[in-house]
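Before any comments, here is the structure.
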Amino acid sequence: MRFYIRHRYGMTTREPPFSAFRSLLQELDDHQDDEEHCSVEVTHETEWSLGAYGGGYIIWENLEADSPRHMRGVPDEKILLLMEAVAKGDFDVVESEPWLPGY
């Protein structure tokens, strides 16, 4: 299992403990008007990525393909579960969600 997280200001961390996901998500709570640095993500070695934005907006996509999907208003606890699933490569869990096409 190989994955990395991308922090709000661009720093990446390879294979942190899953407990780091909560603080990663909390990075979005500060400076909510910053439109340039507005997301964090967990990316699996297969290039599947879950990006999280303020207000529970998340994007699920393969960075090597052109088929992004999104959901709005997702609670933090659900986002944390999905981040862990991506890190583990358990994509069936992520795919089972009611994704909408596009960004």
Per the Kirkwood formula over distinct C-alpha pairs, the hydrodynamic radius of the range 43-103 in angstrom is 11.4 Å
Using the Cα centre as the reference, give the magnitude of the dipole from point charges on the C-beta atoms of the chain (Lys, Arg: +1; Asp, Glu: -1; all else neutral), rounded to the nearest 20 debye. 220 debye
Prolate/oblate/rounded label for the range 3-101 (Cα gyration tensor, a/c 1.5): rounded
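Rule-based calculations on the coordinates, nothing more; no lab input. Here the structure is a predicted model, which is why all the values come from computation and not from measurement. FYI the Cβ positions are ideal-geometry reconstructions off the backbone, even for glycines, and counts take in every protein chain you see.
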